[in-house]
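Just so it is clear, none of the values below were taken in a lab; they were calculated from the coordinates. All values reported here derive from a predicted model rather than from experimental measurement. Cβ sites come from the backbone with ideal geometry, for glycine too, and all protein chains shown count toward neighbours.
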C-alpha cells in the first residue's frame, strides 16, 4: 500500500467531519508519512480505520450524523456549485412548465354574424342554413399576454352546416371589424393586438341531420405556437349563434353524424 492510498483510506473513515477539519488532519498525516523512511511498512501504523479512530480520539472528535453534518463535510466550493446547479435546474423546470401552459389568447370583443341572422323577440339569434347560399362569420382574437405568439389558423371544423375557408384582417390595436382582406396565413400577434378572423364560404350539408334541427356556434378553436410549443385553445364567442336547417329540408342519411363538441 502506498502512502497516498493509505491517506485515501483514512479519508474514507473521516468523511463525516467538517471539510476544513478533515483537511487539517489529513495534512498532518501526509506530513507524518513524509518523515518516515522510504522502506517503512505502513502496516505498522495500524489499519486506516484504526488510524482514523486514533485521530478522532486525539482531537476529541465524535462521529457526526444528519443533514447538517453531511453538508459541513462537503468542500465549500463544491457545495456552492451544487446549490447553483440545483437552483438553475429548478428555474429551468419552472420555465419549461410555464411555457407549456402559456395561453394568452382571448376573445377580442368583436364579431360579425352571417347576413341572414335573425333576432327573435324572445332573445338570442339564429340563421337558417339554406344550402348553397353564402356564409360569412367573423370573430376576433386578442393577445392578452406579455409575449408575441404566432397564430397558425383554425383547425378543421366539423358538425356545422357550412363549408368555409379562413380569411383574416389586421392585426390591429384599434378594434372594430374590418372586412376580410386576404386568405389567412400564419401571423405573429403582438401583446395587446387583435386579429380579425373570418369563416367565408357557403351553407352545405356536412353531416347527417333531420329537417328543422340546429347546431350552436358558441366557441371556435384557434391554433397557435409560442417558443417550442404548439397548441389549440378555444375562444369563447360570448354570444351564441344557432344555425337551423329549414323545416322542410334535412341533410341526407349517407353523411356521418356530427361529432360531439369537446
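Going by how many other beta carbons lie within 10 Å of each one, how would you line up 206, 140, fewest first? Fewest-to-most ranking of 206, 140: 206, 140.
Averaging the sequence gap over all C-alpha pairs within less than 8 Å and six or more residues apart, then dividing by the number of residues, gives segment 91-178 a relative contact order of 33 percent. Legend: calculated FRET efficiency, residue 5 to residue 96, from the Cβ-Cβ distance at R0 = 45 Å, rounded to 0.05, equals 0.50. Inter-label distance, residue 118 to residue 54: 10.7 nm, where each label sits 7 Å from its Cα along the C-beta direction. Ranking of 156, 219, 28 by neighbouring Cβ atoms within 10 Å, starting from the fewest: 156, 28, 219.
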